[in-house]
Amino acid sequence: MKRREFIVSSALAIGAGAILGGCGSKKDQKTASKVVRRKFQNITTPLIALGCMRLPMSDNKVDMVELDKMVEYAIEHGANYFDTAYMYVDGKSENAIGEVLKKYPRESFILADKCPAYLVKSKEDVRKLCLEQLKKCQVKYFDNYMVHNINKNTLSNYRDNNMYDELMKLKKEGLVKHVGFSFHGDPKMLKEVINEHKWDFCQLQINYLDWEVVNADELYKIADEAKVPVIVMEPLRGGVLCNLPSKALELLKQECPNDTQASFGLRWVAQKERVFTILSGMSNFRQLKENVDTFINYKKMTEEEIKTGYKIAQIIQSQGAISCTACKYCMEVCPRGINIPGIFGLYNMYKGSNQNNKNFLFVYNYNALEESTKANNCIECKLCNKNCPQNLDIPKLLKDVEKEIKKLEKEV
């Protein structure tokens, strides 16, 4: 098979028991249903993968008992792809997933990690960071390794330090098997980046809301035309598509009664044939089981169901919710330590809620935030805007939230 050839195979993972050796009992391996897999390069990958950006937490620490349970279920059912990064969970993600995966044979799981472009100041940094990450994850190689978060602020780091060439050196040494990049920029930039090298894959933010709102359709088309396989991130828009406004939820129940909000969003993305796996940040076992079970019993979307996604997206837009995915990149540069994703998350829940006491809950939960992290502390330096993958005008939106809070405080 050619290095960049991408062949889609939506068949259950026959013979996956051999790949998943050492996981659970022999009986479980023979009888456990497996998720749908697609072929990527010289391996098959599960269509659903555990994104390790929103791991289960307890007392500000990763809940290792819950994570171990999640990983065991995922591997047992063929969902053996795990995606982590240097800064995920405040730097705790790599160590946590490495600690859990170390009890499984290395060939039984697929592990992806990312070289943080914003930390790369020299060519030597790429190798240094990769070795550090391998140590944290307690593995000798990464299956997929990528330039993390190419955008208008990191583009120069990526190019000036020849990160692609440095990643290819790591590949020749066997420290990584496939080289790619994750992307948070505009279509013009993607076209430049994707065509200037021979990439094994790219990682793009795709979901049925962004397809309408932030040119996800155009980004996918560029990757498709370049014949570069796609990993999907944020398929549920940071949880926004699991907390639909009442009108949108009513439409979903009416037109797709067998779907949950999560399963609908995941299935919508899966119908894109260039996609070989979908990352979902799962915070507990319940979420993981629902997502894994969606792809054990996977059914391809009909044209009518695809159109339902467009209708729901239009309803969400009309609600005035903020298109924040809670990636926390804004938090990296905010000099005042404002809890931007937390504030936007509360606002989105308030806007999308159909509860009778939603006004009270929004005010109550907002006022429970530490005073120093609230919206009124914004000094409008706009550093956050430069770091936002969604190109949000964060200071303006914080003002809007603050205005709404003041209004509601007089009413509740």
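Scanning the stretch 290-299 for residues that are under 16 Å from Gln261 (Cα atoms), within 21 Å of the chain's Cα centre (by Cα) and either β-branched (Val, Ile, Thr) or surrounded by fewer than 20 Cβ atoms within 10 Å (Cβ to Cβ) (or both) yields a total of 5. Sub-8 Å Cβ pairs linking a first residue in the stretch 138-165 that is at positive phi and touching a residue at least 60 places away in the same chain (Cβ under 8 Å) to a second residue that is assigned to a helix (DSSP H, G or I) and aliphatic (A, V, I, L, M), at least 6 apart or interchain, are Asn149/Ala117, ordered by first then second residue.
All conditions but one from (1) on the phi < 0 side of the Ramachandran plot; (2) at pLDDT 95 or above apply to Lys247; the one that does not is (2). Could you check, for the stretch 248-269, whether at least one of its residues is out of contact with any strand residue (DSSP E or B) (no Cβ under 6 Å at 6 or more places or on another chain), assigned by TED's automatic domain parsing to the domain that holds Tyr73, crowded, with 17+ Cβ neighbours inside 10 Å and more than 28 Å from Ser318 (Cα to Cα)? For the stretch 248-269, residues out of contact with any strand residue (DSSP E or B) (no Cβ under 6 Å at 6 or more places or on another chain), assigned by TED's automatic domain parsing to the domain that holds Tyr73, crowded, with 17+ Cβ neighbours inside 10 Å and more than 28 Å from Ser318 (Cα to Cα): absent. Take the residues in the stretch 215-225 that are crowded, with 17+ Cβ neighbours inside 10 Å and out of contact with any Leu (no Cβ under 6 Å at 6 or more places or on another chain), then tell me which one is farthest from Ile43 (Cα to Cα). That would be Ala216. I'd like the full set of residues that are of a type in the set (Ser, Thr, Tyr) and farther than 19 Å from Tyr86 by Cβ, limited to the stretch 102-128. If the condition is that a residue be of a type in the set (Ser, Thr, Tyr) and farther than 19 Å from Tyr86 by Cβ, then Tyr104, Ser108 are the ones that fit.
Can you pull out the residues in the stretch 281-315 that are part of a strand (DSSP E or B) and modelled with pLDDT of 95 or more? Quick ask: steps written out before the conclusion?
To start, the set of residues in the stretch 281-315 that are part of a strand (DSSP E or B) comprises 281.
Within the stretch 281-315, none qualify.
Just wondering, is there one or more residues in the stretch 315-327 that are surrounded by fewer than 20 Cβ atoms within 10 Å (Cβ to Cβ) and either over 30 Å from Leu398 (Cβ atoms) or of a type in the set (Lys, Arg) (or both)? No, there is no match, as no residue in the stretch 315-327 is surrounded by fewer than 20 Cβ atoms within 10 Å (Cβ to Cβ) and either over 30 Å from Leu398 (Cβ atoms) or of a type in the set (Lys, Arg) (or both).
Scanning the stretch 273-289 for residues that are in contact with a helix residue (DSSP H, G or I) (Cβ under 9 Å, 6 or more places away or on another chain), basic (Lys, Arg) and surrounded by fewer than 18 Cβ atoms within 10 Å (Cβ to Cβ) yields one hit, Lys289.
Only one entry in Val230, Val193, Val240 is more than 20 Å from Lys386 (Cβ to Cβ) and either in contact with a strand residue (DSSP E or B) (Cβ under 8 Å, 6 or more places away or on another chain) or at pLDDT 95 or above (or both), namely Val230.
How about the stretch 113-128: which of its residues are more than 12 Å from Phe142 (Cβ to Cβ) and touching a residue at least 12 places away in the same chain (Cβ under 8 Å)? Let's see the steps before the verdict.
Taking the stretch 113-128 as the starting set, the residues that turn out to be more than 12 Å from Phe142 (Cβ to Cβ) are 116-128.
If the condition is that a residue be more than 12 Å from Phe142 (Cβ to Cβ) and touching a residue at least 12 places away in the same chain (Cβ under 8 Å), then Pro116, Ala117, Tyr118, Leu119, Val120, Lys121, Ser122, Lys123, Asp125, Val126, Arg127 are the ones that fit.
Quick check: is even one residue across the stretch 241-262 free of Cβ contacts under 8 Å to residues at least 24 places away in the same chain, part of a helix (DSSP H, G or I) and touching an Asp or Glu at 6+ places or on another chain (Cβ under 9 Å)? Checked against the condition, which is being free of Cβ contacts under 8 Å to residues at least 24 places away in the same chain, part of a helix (DSSP H, G or I) and touching an Asp or Glu at 6+ places or on another chain (Cβ under 9 Å), the stretch 241-262 yields at least one hit.
Restricting the stretch 27-85 to residues that are modelled with pLDDT under 95 and acidic (Asp, Glu), the residue that is surrounded by the fewest Cβ atoms within 10 Å (Cβ to Cβ) is Asp59.
The values are calculated or read from the model by the stated rules, or taken from the named source; none is laboratory data. Predicted model, so just to flag it, every value in this text is computed and none were measured. Quick reminder, even Gly has a Cβ in these numbers, built from the backbone with ideal geometry, and neighbours come from all protein chains shown.
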